[in-house]
Structure formats: structure tokens, C-alpha cells
1. Considering only chain B, pick the residue with its Cβ nearest the axis of the rotation onto chain A, and state the distance in whole Å.
2. If you roll a 1.4 Å probe over the heavy atoms of the protein chains, what accessible area per residue do you get for the range A:314-409, in Å²?
3. When only alpha-carbon atoms count, how far does chain B stretch along each of its three principal axes, as whole angstroms with the largest first?
4. Hey, what's the Cα Rg ratio for the protein assembly as shown versus the globular rule of thumb, 2.2 N^0.38 Å?
5. Calculate how steeply helix B:132-142 sits against the longest principal axis of the alpha-carbon atoms of chain B, using the helix alpha-carbon long axis, and give the answer as 0 to 90 degrees to the nearest 10.
6. Quick one: net charge around B:Thr45, please, counting Lys, Arg +1 and Asp, Glu -1 for every other residue with C-beta under 14 Å from its C-beta.
7. Using only atoms on other chains, find how many Cβ atoms lie within 10 Å of each Cβ of peptide B:321-330 and report the average.
8. Using only Cα atoms and rounding to the nearest 10 degrees, what angle (0 to 90) does helix B:163-177 make with the longest principal axis of chain B?
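The values are calculated or read from the model by the stated rules, or taken from the named source; none is laboratory data. As the structure is a prediction and not an experimental result, all values here were calculated from the model. Here the Cβ positions follow ideal geometry from the backbone for every residue, glycine too, while neighbour counts run over all protein chains shown. Heads up: the accessible areas ignore ligands, DNA and RNA and are worked out on the full protein's heavy atoms, side chains in. Shrake-Rupley method; radii C 1.70, N 1.55, O 1.52, S 1.80 Å.
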2 protein chains.
Amino acid sequence: MEQVDIFIHAGTIITMNASFDLIQNGIIAIKGEKIVAVGAAADITKNYTASTTVDLSDQVIMPGMVNSHTHAPMTLLRGLNDDLRLDVWLGYLMPLEREFVNPEFVSLGATLACAEMIRSGVTTFADMYYYEPEIAKTTAEIGMRALLGQTVLMFPTPDSSSWEEGINYCREFLKQWNGHELIQPAVSPHAWYTATPELLRACSQLALEFDVPLHTHISETLLEVENCREQHDMSPVFWNQQHGILDTKLLAAHCCHIDRRDMRELKKHGAGIAHNPSSNLKLSSGIAPVPEMLDIGCNVGIGTDGPASNNDLDMFEEVRLAALLAKVVRNNPTDLPARQALELATMGGARAVHMADKIGSLEPGKLADLISLRLDGVHNWPHFNNNPDSIYSRLVYAAKSTDVQNVMVHGRWLMQDQTLQTVNEAEAIKQAVKVTAEIDAFVLKRESSPYNKLITLEAVAREEGYETQIKIPLQSPDKIVALLNSGEFDIRKKNRYRQFDTYFVFDDENPDAARLRFREDHYIDENDTVFQSRSRLTLLGVTHLEPLQNSVMLSRTRFMAPATRSLRFYQEYFIPDHTVEIEKLRHRWRINYQDADFAINIDQVIKPTMSGWFLEIKSRTWSHEDAVRKADLIGKLLAQFSVESEGAIRVEYIDLAERIYG
Amino acid sequence: MEQVDIFIHAGTIITMNASFDLIQNGIIAIKGEKIVAVGAAADITKNYTASTTVDLSDQVIMPGMVNSHTHAPMTLLRGLNDDLRLDVWLGYLMPLEREFVNPEFVSLGATLACAEMIRSGVTTFADMYYYEPEIAKTTAEIGMRALLGQTVLMFPTPDSSSWEEGINYCREFLKQWNGHELIQPAVSPHAWYTATPELLRACSQLALEFDVPLHTHISETLLEVENCREQHDMSPVFWNQQHGILDTKLLAAHCCHIDRRDMRELKKHGAGIAHNPSSNLKLSSGIAPVPEMLDIGCNVGIGTDGPASNNDLDMFEEVRLAALLAKVVRNNPTDLPARQALELATMGGARAVHMADKIGSLEPGKLADLISLRLDGVHNWPHFNNNPDSIYSRLVYAAKSTDVQNVMVHGRWLMQDQTLQTVNEAEAIKQAVKVTAEIDAFVLKRESSPYNKLITLEAVAREEGYETQIKIPLQSPDKIVALLNSGEFDIRKKNRYRQFDTYFVFDDENPDAARLRFREDHYIDENDTVFQSRSRLTLLGVTHLEPLQNSVMLSRTRFMAPATRSLRFYQEYFIPDHTVEIEKLRHRWRINYQDADFAINIDQVIKPTMSGWFLEIKSRTWSHEDAVRKADLIGKLLAQFSVESEGAIRVEYIDLAERIYG
């Protein structure tokens, strides 16, 4: 007779093992954090004794659900913005996150998320957010299991002002938490389209170095896939593959728009896919081809995505929707039947988050992560025995998260009789009320902000955050023009245009929206005839200026949008506090210089009148390090042009103009 | 000061009136079954006093949900068959329903359904099933509001052996219940494809006669629409319109595959549309174009469909799914925002079921059908005030049916603090256990039945239920053949073929599956050369024989399927108790005689050898009355052929053969 700690006596045990064994009147024997035996009560009691027996003989026991993709702290942003386009929604949320997301925020948000997930039968979740060390601390204390992906983005985030800083922050996170019994730290480049190639490669190398998973978004929308094919002549899966992402233990969220070749590539590399049906519908991302993924043999799990795009963390809703939605992918109602859908939420999820050896099924040797449910609510009657698999159908199509009674993770009860054991919900909600009030006040104020007005109008794209530049007054540009036209430089493009800028200046405290520029470029040919024009709106955040050798580095947010309406319209619409007009004649060369792109401008400022010419050398990048490297190259260029950097002007034209206008 | 019966004091009142008024700290004043006033607490208490005040100031009050399409008693069949094709599923369920559905069954099933619907905040539902008078009694006792459609089908149903009987049964139902304060009886032809044109017309006339709604399925699947266009050269909407269905107060369920012309036609006639997203996904029927319907101005409600195809009656799940799914119809995440989705489930539903003047919103003069919810669960935090409409987002995207606390219909509390007031759930479930056991036993037995085996193999179609026929031995066929070839008759088709029948006979008690016939027809030309052959399987139910003047009327179920495999395969697969072989040489004329189709066969039975010839005259129909009329026509035909009906044989060839084989 072997001694164990706990017998859980169940009406039915759904093992989700390879042969989908169902055990009526069964016992799960648990010692410490591990399952020692699972079987018929009579068999177990022959070989084991337990110090405690928990009687759940009127309930069904199954493995805990794996929520394979979420952004847990976003519980605190739930319902703030719904029924919006993805780009508008991101545009709305990201500045808010930069304002509010801090260690306390993520800890509180994760606490609320854990409470909700435990209540809905989740024992493991895969996260992607900021300040993951804080989320790790909170989650470990509450006692849930999690794969936590520290986000790395090419623009500044709440926890890192540049992506290199993000990589370092992530490395510290991995060092601190890798090997923890509940927390699996991971690297999370948000997505290929918010990453430079260097960032992607740094992330995959970091994940390989620590042998930890990498959690990223892939092929969420059709637009994303089309952009990738246009920019890189390959799908996002192959673009990621090219940067080493598929060589890691990859967890790819969404994959709504992957083709069979992508699927085979993901399968070949053992990648996990997190399918998020609610979010994909809510943001109109599309319907993921799950039946095909399964045919090909991909590792598919199910996720809720963040509560700001769902709007809850209810895995029962998610599994049901996954099963229903799969049936219209190929118009086949036999696709993703209930048993297989539940498999995706348990073992499938375990495979997707690279924990299949430890969780996902109730088998000897696995960790004791399990939940119990009552199936005797009036919404789940009657029960038929004609087909043993009908229990999966009851769980997937009729059960609700509120049917979950008990939840155990790592051998520890996190919920008993629907009472949470490790989370003080009332206290968390009390704190959330405070945070909400602050966000409310911020949002109400921002509703009238230029940025908010801009995103409701146009398709907005975010631009590179760092600009290295130098501006030097010239008596005559002739020497430089001659040099640029001499054939000595690798000229990629050459233009001459009149540039009419109207800056809308706002007395706004939002650092993302200090000025909005309406710019009209009139391209002129050799005969000074305008042959083409274009108009753009650019929202410029407050500029942070860092003086460098030979140049200056500007960092600021920049959002671009095509200007499809008149200047008069925008003036009336945005109601700036004041406007500044600048007119220039610009001669521009785009050159490639030692593998870096530079714009060389020779400008004459006509309005307000400034005498002489200006030489501008500029280059933009997402990387702080790259910006520093480019400052060095600017020095070399100035030497080639025989121009001294002493007279350099370290402000922008608008600042010069404001001085003139007074 | 006006005296009322009840004040309901609410934290927030969601009126769903035309201007979507939201009232914080409000009171609803109710007198008898009606809402007298709705407003801010301070205003109401100035003008009214109430004998009772119910304090729900920590809750949200909204109009009760309208479940605009269901088959309530099918709670008793929940989860019995999932993840099947629609035709297979119907083929599985319909025989089961004929076996089990009786007044007690529908009453118990409706009791369970009402309990579940009240719990999920439904106050009104639109039903379509059998024995609706029983459902009406049960529903009225429980106190829910309902539109109850008595089903009429062209084949025998649990409550009517022919469609004419069904119409009469329905007429009695309308007489008995029309004008009831809770129950709105209605006419329910199941669908155009299970109805003859006469049946459709009879239904629309009946609905117009009583001025009651008509509830039917329209354009649920693409196949249905294609079939209709092929058969009738128009869409199901227009085919229904042609038979008067759109002239009634129509409630059209599903409409997954209607085009803009259909939508405009439905709108023109003021029809209601019941959108059932869960069922439409689960059965792979498709995704209804709800955003377009709404653009055109159709009256759209939301329904759960029956619990056998959902598998629950949770309107919160349904509204959420409707809102999510609409966003991928046109790939627009701003389609069907939360407020509009909730409108469809309340006022929209009221319009769809033709009760918009009485229910659907909380306004003075409307009936007191309302629900209250707590929105303070951890899954529904935090709350933001930045946008007043965010309450709709909380209700649609995050709330659960289990958040519903109180339900009132017609001024009467049906649930208080989550305790049902008018349904004994425990007793209903106890009874359901008994019924379940019986269904289980039946199904387990039938699993091995020929019918069940057939439907898992082939595309099965049900055929006409009534056959009027006469069979008369002839010494010589010459005179009749000469007459048929004389040009006197309207011959539509003429064939000669050898017919090889193998009957599989089962000692089975299932009246739907007594014999399975494997039939091979070898068509022969003038030179007795076979130029074509075909094989079919026909499953024949037990034959009920009704002797008529000059003929006999057979009624039985018949399911046809193409035989795509060998006789040997079917023999091994179906394992009949014994087989009977019959071989005939058949000469067949199909004629049109006084607007009725008849088959005239001159048969020589070769195996087992029978001497002489047989004259057979046959015609099939869905209508009992039509079968009787045809018996009369057979008499006239026999007179024209100068054949006496005295020697008529009133059994089938297989019965003759069984006598010979012994």
C-alpha cells in the first residue's frame, strides 16, 4: 500500500489521455504536486491509501483548461473601446497603456484575470504583456501556472524606452524566473510588423540561449499577410522563419490567415498555434482554418486573447465557439467535434505552450492541474448514455464556466466550492475602481485630443521613433549639389519640390500629440512646373532631444495619415490653439551610405523668409543603437561634403519659424 | 399621487426605447401587468406611490430577452446527437420524435426549457413543435409569454397522421388559445421543402383567417436555396410569397442565404426574421447576412433554435455570438455594435414576433416583462463611464446568463434572487431522468437498425407517404397495351425494363424500417438490349393498408438512397434476417390523367415464377385526401381499360413471393 496525500473521488474522470479514457466512479491519487494514479475507485483503494479524501462523486473531473493566448492585465481596460477597427483600437489603446501601465497596474490586472480564469476552469495561461516580472510574481503567489512572454517592441513601451532596452529587460526576466515550478518565462516580440529584422533575430537568439518559448502574433489579419508579401515577398510565417523565430519553442497566436505551406512549416518546427475565435470575430480578423491545421497535424490550442478584445477570459465560451466556428470553415458539421474541441483546450493547449510532458491530461506522472464541474444544472439536462462521448458534447456545447466548482493547480486548491482560496476578489475590485476612475478621467480628456480625432478620421500608421539629424546653414549649396550629382554617391531617389507645412499646435498635455502637421508637397520638374502633389497629416509627439557628436538625435512618436480633405476642414475639425506656416523649396537626394539610408535636403525657407540655404542630413530608425551609429556616419558625410558641423542648428524649422513669428 | 402596485428601484434602467434612454437610480412603476411609469427615482416618487418597493438599486434592469426561434421540448433530446450533417441529424431525430413525442413529453420538455430560459433572462419565446396546445398550457401556467407555432408537415407527425389532419389540429389550437394574455398561437408549416404547395396555401389561409402569426423556416441552408431555385426557379422567400406566406404576420427562422431582393421582399411584407447564430454554425448552415438585413430595414430578432442544435437556450451566449459573427460578414468590426445587438434581442425580437406594441422595451403602457442583472462579477470589471453606451458592451460581450437575478413577466415574478417561483426544477429533472432512460434504451437498440446504418452511408431522401394502388392479374396485356399506345392517353414517359429486387427483411420492431429493398433496373430497348441501368436502396416502413373502392391505399415511410455499392456489400453491411428475391419484366407508362400522375405497369414476374401478367396502377402523394381522390380516378381508369377490379390483389409482390418461397 503506497501512501499518497489526496484521493479525489469523482463521479466521472475525463482523462484526456491518448485513448480518451473515461472513468466512472474513479479516484485520482495525488502526492505533492503530482498525480500518482488514476483509475476506478475499487482499483485505486487496493493499492493506495490517502491522508485526505475529497468527495466529488457528484461531479466531473477533467484537466484544467489551458488558455493559450492572453494579455492578462488588460482586464483593467475591459470594455473601454469596443466595436472598432483593429488599427483604430490599437491606436486608442497603446497611448493609454504608455500612460497607465506600470508594475502596480499589471499586478492588479493580473490578479483580476487570475480570479476570472480560475473561476472559468483555467489552470494555465500564456501571457504577453509588459512588466512580466510583476505578473510572474502575482501569478506565482496566486498559484496558477503560466507561460509569460515579456513583450519587445520596436517603439518605446511602458517598460522600455527602446527595443534594445526591452531585450535586456527580457533577459533579466528569463534569468530571474527560468526554472520556476509554476512560471515559464518567455520572449515575446509582439509581431513581425512591430519589429525590425534585428529585433526579431535578437528575440529568437535570446529564446534559444535560455531554451525558453517565444510567444508572438502571426498572421492575425489579411492586411498583415498582404503587407508582408508585398514588403518581403513571403508570408509572415516564412518571414519569421527567416529570422530564427521558428527555431525556438514558438507559440504563434492567431494564424487566421496561414496557408497549407505555412501550416506544414509550423508543424515541421513543432510550433504551437493559439486559436482565439472570439477576438478574431470581434476585430473582424477572420476565421482561422483550424480543421486544415489539424489535418496537417499542427499543435493547436485555444485562447481568449486579452479581455479588451473578447471581452472576458471564459474558456468555456471559447471552446464552444471554436467548435461551432470550425464547422463553417469547410461547411462540414462533422469538423472539430466536441471531444476534439475539448482536447484542443487541454492537451492541445499543453502542446501549444510546450508543456505537454507536464500538463494537459490526468495521467500518472503529470502535475495535478485539474478542475471539477457540476453538470446537473437545468441547462445541461438530460444526460444520455447511448454514446459515451456525449459527455464531451455536454461540456463543450452546454456547460458554462459557472458550472466549475473546484480548481487545483500543482496539487494546491485554488478554488473550492466556487470560493477562491488565493485571491481576494473584493479587494482587487476595490482597487480596480480607483484605477478605473483615473483612466476614465484621462480618456474623457483625451476624447477631444488631436490624436483621438485623427484616428477616427484616417488610416493611421506609426512611424520610426528615432531620427538622427543635422541642419547646417549654407551660403551656397552649389558645391554639395555638384558632389551629389557627381556619381560618387549611391543615389536612390532625387526630387525637387515646394513644401507647404501648416502646423497645428495644441496646448495639450498628451506627449503623443503636441503638434499636427498638414503637409503639401508640390513636385516640380526641370522647368519648375508642378507635375504631382501629395498631402499628409503627421501627428508629432513631444520631441526628446539628445545631442550627439556632429548631430542630434530626436525621439518622439509620429503617426502618419494621408490627408484626404482640405486644410480648411482640418483646421475647423482639430481647432488648434495656434498654427504656424512654413514654405520651403526643397531639393532632396535619398542616398544609401555604408548600408544606411539617409535623406539629404538642400532647403530654401521662403516663409517665414530665412536667408541662404540649409543642408539637412536625416535618417530614421526604430533602434536607439542604430541612431547612434548613424550619428557617426553623418560625421563622415559632413567630412566628404567639407562642411563643418560647428554652425549646426539643433532645432527644427518650426522652432526657427516660431522665433521669427514671435 | 397615483397608486401603483410595485416600484422597482434600479441602479440603472436600460429602457431600450427609441432614444435608448439610460436612467441611473431609476424607478419602474408597475400596476397589474403594465408599466405605468419609468424615470428617475426622484421624479417617480413625486407622482406615484406604490404598495411594494423592490430594491434592486445594486442591479441593472432591462427588458426581458425575446428568444425568437426555438423548439422548446427538444430539451429532452439535448446532446443526443451532435456533430452530424443536417440531413443525417434530421433523419436521426425524426423517427425518434415519432416514437417519443406525446403530450406528456412536450409538457415536460417545455417545463425544462422555460426553467432554463427564465434563468437566462428570456421572458418571451417563439416556438415551433408538436402538441402545441400542451406547450401552451405548460407555458401559461409557468407564466412566460410565447408565440407558439403548431407544426404542419406533409408527412405524418407525432400529432397528426396527415397534413390535413395537422391543419385541423392547428385550427382547434388557434380557436382555443387565440386572445390569451400570455400565449399567441400561430401556424407553423415546418418549411417549404416539407410542404406541398397546397399545404403552404392552407397554412397561410389559416393564419390570415385567425389573424395570427405564421412561423416557418426559410433559407436555412445553401442546398435548400439551390434546390428551390432548381425546382421552382425562384428563391424560397419568393416561393413562400407565391403561396401567401408573406401575406401573414410572418416569422421566418434562419434566412442564412437570402439575397437583397429577398430582404426587400421580407421588409415590404413586415416579416420578422429570427437569426440563430449558434445553430447555423453548429449545423454548418452558414452565416446570415445580418448587417445587410439591418441596412435594408428588416425586422431581425435573435433565437437559440432548439436545444438539440445549440445545445442550450442561453440568449446571452446568442446575443454575444450574433454581435461577434456579424463582424466577419463584411469584415467590418463596427457592424452590429453592442447596443444594436442588444436591441435585436429585445425590441428587435418583439418586432420579429409581431409584439412590438406590447413588449421589447421598458416604457409606460408596455407589459411588465423585465429582468435584472448583477454586473459586479469579476468577469465584468471594471466599469468605465467615458462612454454611456459601454453598459451595452458589458451586457453583450462580458455578461453571462448566470448574472441574471430576477425575472418578471406580465407583472409577475418568475424568478427572484435566482430562485424560480413557478417551476419545480428538481421535479422536472427527476421526470426527465425517466424519459432519458427510455430514449437511451430505444436509441441503443436502434443503433444497429437498418435505418441508422443507411443514413450513415448515403444521402437519404424521404418519399411520399401515401400510395394508392391496384394490382390485377391479366391473362393477356395486349388490349391494354394497345389502348395505352393508341394516343388516347396523355403519356409522359414510357419504359421497358427488367427489375431485380432483393428485399432485406428485418425482425425489427422499428415501424420505420421493416424492409430494405436493393433494386436494379435494367432498361431495355426494342431489341431487348440493355442500354442503361440504375440501382437504388429503399427503406420501407411497416405498411398500413386501407382498402378503398377499386383500390387500396398504402401508407408507410419510405426513404430512398442511391445504391453506390454492390449488393454483396449491402448484404454484409445490413445483415438482414432473411432476403427475398424478385425479378420482373416491367413495361411502364407514366400518364397524366385528370391532372393526376399515375404509373401504369404491365408486369411479368419471372422469379419466383408467376403465370400471366399483372396490371398495376399506382400514384403517390403526401396528402390523405389526394390519395382518396386518386382511388376514384383509378376506378375510372379501370373502366376505360374494361378491367374488373374484382380479381384485384391487395398485397405487394413481396407478399406473393413470400407465399411461394414459403
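1. Of all Cβ atoms in chain B, the one nearest the axis gives B:Thr402, 2.
2. On the way: 2230 Å² over 96 residues.
Using a 1.4 Å probe on heavy atoms only, each residue of the range A:314-409 averages 23 Å².
3. Here the Cα extents, ordered largest to smallest, are 99, 47, 46 Å.
4. Output field value: 1.10.
5. Once rounded, one gets 20 degrees.
6. Details: positive: B:Lys46; negative: B:Glu2, B:Asp43, B:Asp55.
Local net charge: -2.
7. 5
8. Here the helix axis deviates by roughly 20 degrees.
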